[in-house]
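First the structure, in the form of structure tokens, and then the observations on it.
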Amino acid sequence: MINNIKYESLQAVNKQFESEFKNKFNEFLEKGWYILGEEVQNFEKSFAQYNGSKYCIGVANGLDAIELGLIALNFPKKSEIIVPSNTYIATILAIINTGHIPVLVEPNIDTYNIDPEKIEEKITSNTKAILLVHLYGNVCEMPRILAIAEKYKLEIIEDCAQSHGAKYNNIMTGNFGKIGAFSFYPTKNLGALGDAGAIVTSDEALYDKIKALRNYGSEKKYANKYIGRNSRLDELQAAFLNVKLPFLDLINKHKGDIATIYNLGISDKVVKPKSLINTKSVYHIYNIRTDKRDELKSYLFDNGINTEIHYPISPSNQEGYSNLLNNKDFPISELIHKTTLSLPISFATKKEEAYIVVDFINKFFS
């Protein structure tokens, strides 16, 4: 029997919310208020409360969330910002787009998050911040990173695009620095039906400033206090997010259950993800590593199991960034990019499908 196990099926994920989505759309259409209305306000309040933050500002997407955070912090132009060398390109793009210099630091080979051991050697008098990424939904080593930030008087910005609901010592990601930036891209644990993002903060002054920055720099209509941009969370996407937010813990639990099946069942001939003590990963992505990655991917595909690679090309090897990321010596990052393979772990992935994935991986290595 040929399997048909998809890596992700957004249609299946969102099917269970379909009737509520339609009701929300009808309400949205009847109200006739399409920009920054009640749905955005309700989502901002609910997501801030869920995340344990004082404030939330809905923006157009995750990239804008990071950029607006960097703009609001008002670093001098061409400040150096520490960032992991194996992140998705958007994190680095946000630094470049706001006029700063990304300084890439290698990850820990076990957690895939930025390695605190390697941060201090990259700090100079021009370093102003550490831009963390809680990659794959796995939480960074916060106590050591916070200690470094305090020692050198650096700001912490968190890229939480993959860590909705993840915790360190029961504190949600997004609360360790001045700003936490979230994406609600459709494949995220909390996904909209289009692009959407948000910033969380507990700093009232930053909250007020970012609210203005997302809306042309305006606190009052036609009065532009800052040089801003148009980056507003869409009212309709906010409505859809309001439907799904109460289910986020259930989504995270389901993904955690699939991860447990993989952790316990998959052969130790592959490297499985590791989380730090006192952390809760939300497994946005479940990646394994093997030097037979491409062969395994093809074998699984031939047997009806779809996988993905996050990410096949490292930031330092991207053609468009060849003149911006000068130091290309990132052997740990390169090893991860060459050997990583992401297994199905969608909210739509069934447990019986996860057991099939385990069986075929083990067959491949036996």
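Taken together, the values in this text are just the output of simple stated rules run on the coordinates, not laboratory data. Remember, predicted model here, so these are calculated numbers, not experimental data. Every residue, glycine among them, receives a Cβ derived from its backbone with ideal geometry; neighbour counts consider all protein chains shown.
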Checklist outcome for this item: In debye to the nearest 20, the charge dipole size for the chain, taken about the Cα centre with +1 at each Lys and Arg Cβ and -1 at each Asp and Glu Cβ, equals 380
Next on the checklist: Going by Cα centres, region 264-325 and region 140-202 are how many Å apart?
Outcome noted: 21
Checklist entry - In what order do THR87, THR279 fall by count of nearby beta-carbon atoms within 10 Å, going from fewest to most? => result THR279, THR87
Next on the checklist: Could you work out the pair-distance distribution P(r) of region 279-320 from its alpha-carbon pairs, with 10 angstrom bin width and percents rounded to whole numbers?
Outcome noted: 22, 41, 31, 6
Checklist entry - Considering lysine pairs in region 1-158 that are 8 or more places apart or on different chains, how many have Cα atoms under 24 Å apart? => result 24
Next on the checklist: Can you work out the Karplus-derived ³J(HN,Hα) for every residue in region 103-117? Use 6.51 cos²θ - 1.76 cosθ + 1.60 with θ = phi - 60°, whole Hz, and x for glycine or proline.
Outcome noted: 10, 7, 10, 5, x, 6, 5, 8, 9, 6, 9, 3, 8, x, 4
Next on the checklist: Given a Förster distance of 30 Å, report the FRET efficiency between ASP208 and ASP249 from their Cβ-Cβ distance, rounded to the nearest 0.05.
Outcome noted: 0.50
Item to check | Distant-in-sequence amide H partners of SER85 (H built 1.01 Å from N, under 5 Å) | outcome: VAL105, GLU106
Next on the checklist: Suppose the chain between SER218 and LYS151 were pulled fully straight at 0.36 nm per residue; how much longer would it get relative to their current alpha carbon spacing?
Outcome noted: 20.5 nm
Item to check | Top of ARG232, ARG214, ARG144 by mean-square fluctuation, Gaussian network on the chain, Cα under 10 Å | outcome: ARG144
Item to check | For region 225-366, convex hull volume per residue from C-alpha positions, Å³ | outcome: 211
Item to check | Mean Cα-pair separation over length for the chain, i.e. relative contact order, pairs under 8 Å, 6 or more apart, % | outcome: 23
Item to check | Value of D in µm² per second that Stokes-Einstein yields for the chain, Kirkwood Rh from Cα pairs, at 20 °C (1.002 mPa s) | outcome: 101
Item to check | Dipole magnitude of region 192-346, debye to nearest 20 (Cβ charges: Lys/Arg +1, Asp/Glu -1, about Cα centre) | outcome: 320
Checklist entry - Where both residues lie in the chain, what percent of DSSP beta bridges are antiparallel, nearest 5? => result 60
Item to check | Listed residues ILE258, ILE119, ILE356, most fluctuating in the chain (Gaussian network, C-alpha, under 10 Å) | outcome: ILE356
Checklist entry - Among ILE277, PHE347, LEU335, which residue has its Cα positioned farthest towards the positive end of the charge dipole of region 247-365, with +1 placed on the Cβ of Lys and Arg, -1 on the Cβ of Asp and Glu, and the dipole taken about the Cα centre? => result ILE277
Next on the checklist: Quick check: the distance between the Cα centres of region 25-45 and region 91-121, to the nearest angstrom?
Outcome noted: 37
Checklist entry - Calculated FRET efficiency, ASN26 and ASP302, Cβ-Cβ r, R0 41 Å, to nearest 0.05? => result 0.35
